[in-house]
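Quick notes on the structure that follows.
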C-alpha cells in the first residue's frame, strides 16, 4: 500500500512539474544574430527552451510577432531561422571541437556548441507553408488553416 501511494505521488509530481515547466523556466533569449554571409539567415540563442516538439513550435508561433518587432527577424517572407541552445555560453573557437561561430562578433569568444533546437524554414517552399525541423523530424504547417503534417527529415 505504501509503495503504490509513493508511485502515485511521484507520477502526480512529475505531471505537475512537466505541465508547469514553461512557467517555472520561461525561455530566455540570450542573443540574436543576423547572418552576414547568407541572405535571410538569422540565429537566436536561448536558454530554457521547451522540451517537446509541440512546445518548441508553439513558442515560435507565439513569439514571432515579438521577434519581428524587437529584433526585426525574420526580415523577409523567405527566411531560415535557427534557434540554438546557449549551453556553456560563448566559447573560443577550437579546431578540436565542433562549434558554430558568429562572424558578426568581434570578441574572441564568438562560438557556441552546435546544439540546434529548432529550425524554421520558409524558403523554397510553397508560399503557404512553413517548415519546422527538430532533430530528424520535419513538420510542415499550412499558413492558411494552421494544419500540421509530420515527415522524417
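Please find, within region 39-61, the residue that is surrounded by the most Cβ atoms within 10 Å (Cβ to Cβ) out of those that are part of a loop (DSSP other than H, G, I, E, B) and free of Cβ contacts under 8 Å to residues at least 40 places away in the same chain.
First, the residues of region 39-61 that are part of a loop (DSSP other than H, G, I, E, B): 39-40, 48-52.
Those still in the list that are free of Cβ contacts under 8 Å to residues at least 40 places away in the same chain too: 39, 48, 50-52.
Details: 39: 12, 48: 14, 50: 19, 51: 12, 52: 11.
Across region 39-61, the extreme among qualifying residues is 50.
Any idea which residue in region 62-118 is surrounded by the most Cβ atoms within 10 Å (Cβ to Cβ), counting only those that are in contact (Cβ under 8 Å) with a residue 60 or more places away in the chain and touching a helix residue (DSSP H, G or I) at 6+ places or on another chain (Cβ under 9 Å)? My answer is 118. Being over 18 Å from residue 62 (Cα atoms), assigned to a loop (DSSP other than H, G, I, E, B) and touching a strand residue (DSSP E or B) at 6+ places or on another chain (Cβ under 8 Å) is the filter here, so list the residues in region 99-131 that pass it. Selection gives 102, 103, 104, 105, 108, 114, 115, 123, 125, 128. As for region 29-37, it holds no residue that is modelled with pLDDT of 85 or more, under 30 Å from residue 142 (Cβ atoms) and part of a helix (DSSP H, G or I).
With the requirement that a residue be surrounded by 12 or more Cβ atoms within 10 Å (Cβ to Cβ) and in a strand (DSSP E or B), what does region 132-149 give you? Correct list: 132, 133, 134, 137, 138, 139, 140, 141, 142, 148.
The values are calculated or read from the model by the stated rules, or taken from the named source; none is laboratory data. These numbers come from a predicted model, not from an experiment. Don't worry about glycine lacking a Cβ; one is built from the backbone with ideal geometry, like all the others, and counts go over all protein chains shown.
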